[in-house]
1. Quick check on my filter: what residues within segment 50-67 are in contact with a Leu (Cβ under 8 Å, 6 or more places away or on another chain), β-branched (Val, Ile, Thr) and in a strand (DSSP E or B)?
2. Ala39 is checked against (1) assigned to a loop (DSSP other than H, G, I, E, B); (2) touching a Cys at 6+ places or on another chain (Cβ under 6 Å) and fails just one. What number does that condition carry?
3. Considering only segment 23-33, I want to know if a residue exists there that is in a strand (DSSP E or B) and within 30 Å of Asn160 (Cα to Cα).
4. Hey, does segment 95-108 have a residue that's modelled with pLDDT under 90, surrounded by 13 or more Cβ atoms within 10 Å (Cβ to Cβ) and either in contact with a Phe, Trp or Tyr (Cβ under 8 Å, 6 or more places away or on another chain) or of a type in the set (A, V, I, L, M) (or both)?
5. Out of Gly29, Gly14, which single residue is surrounded by 13 or more Cβ atoms within 10 Å (Cβ to Cβ) and either modelled with pLDDT under 85 or closer than 30 Å to Val102 by Cα (or both)?
6. Any residue at all in segment 78-94 that's without any contact (Cβ under 8 Å) to a residue 60 or more places away in the chain and either under 17 Å from the mean Cα position of the chain (by Cα) or within 16 Å of Asp134 (Cβ to Cβ) (or both)?
7. Counting just the residues of segment 45-72 that are open to solvent by 60 Å² or more (accessible area, probe 1.4 Å) and among the small types (Gly, Ala, Ser), which one comes out nearest to the chain's Cα centre (by Cα)?
Amino acid sequence: AVPFVLPVADGSAGQFLKTDGSKNLSFSGGGKVLQVVQATYTTAKTIAGTSFVDTDLTCNITTTTSNSHVLVHVYHPIETSRFGDSVGTVGCTIQLLRDSTVIKPGKVSTNYLSVPEEDDYIVNNYTESFSYLDTPGGAATYTYKTQAAEVHANQGTTFNGGSATEGMSVIVLMEISQ
């Protein structure tokens, strides 16, 4: 038998026993969702160029405890297009920021297309979505937003609009206690 060290007092309703890995038990209630906030953006937003620019999807959350996590969910409908004068790709790169700090660096979208040389024009309609668990580090108000850049300078990229991607971008922030 392994001798565990029990807590001195009883826990609160809904709490559970957890171990620190050294035979010491304590009561915890981690993982509880404290609040959920959401923002949407429905206006068509066109970006141009390979430098990151704001997509205008932004949301604020005021965390209530210093050790909270923020679970971020992002959804963007996107249309990318490119003239087929030269072989290349169409797509975009999206990054997530907390205030002015990049917390999820951009990566080339998983939904990009190669433009064959024989095509005069190609349109790529898709959605990009991801989740990210952030630890902002204090009870304060934080602004989360996305930025995007085109994969190739000679393309067009539109969020929430275009011929087949009309819709809305959504960002959901969930404060989770530890």
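1. Ile61
2. In the conditions (1) assigned to a loop (DSSP other than H, G, I, E, B); (2) touching a Cys at 6+ places or on another chain (Cβ under 6 Å), Ala39 misses (1) alone.
3. Among the residues of segment 23-33, at least one is in a strand (DSSP E or B) and within 30 Å of Asn160 (Cα to Cα), which makes the answer yes.
4. yes
5. Checking each option against the conditions leaves just Gly29.
6. Yes: segment 78-94 contains one or more residues that are without any contact (Cβ under 8 Å) to a residue 60 or more places away in the chain and either under 17 Å from the mean Cα position of the chain (by Cα) or within 16 Å of Asp134 (Cβ to Cβ) (or both).
7. Applying the filter and picking the extreme gives Ser51.
The values are calculated or read from the model by the stated rules, or taken from the named source; none is laboratory data. Computed from a predicted structure; not experimentally measured. Cβ atoms come from the backbone with ideal geometry, glycine included; neighbour counts cover every protein chain shown. Side chains are part of the model used for accessible areas, which takes the heavy atoms of the whole protein and leaves out ligands, DNA and RNA. Shrake-Rupley method; radii C 1.70, N 1.55, O 1.52, S 1.80 Å.
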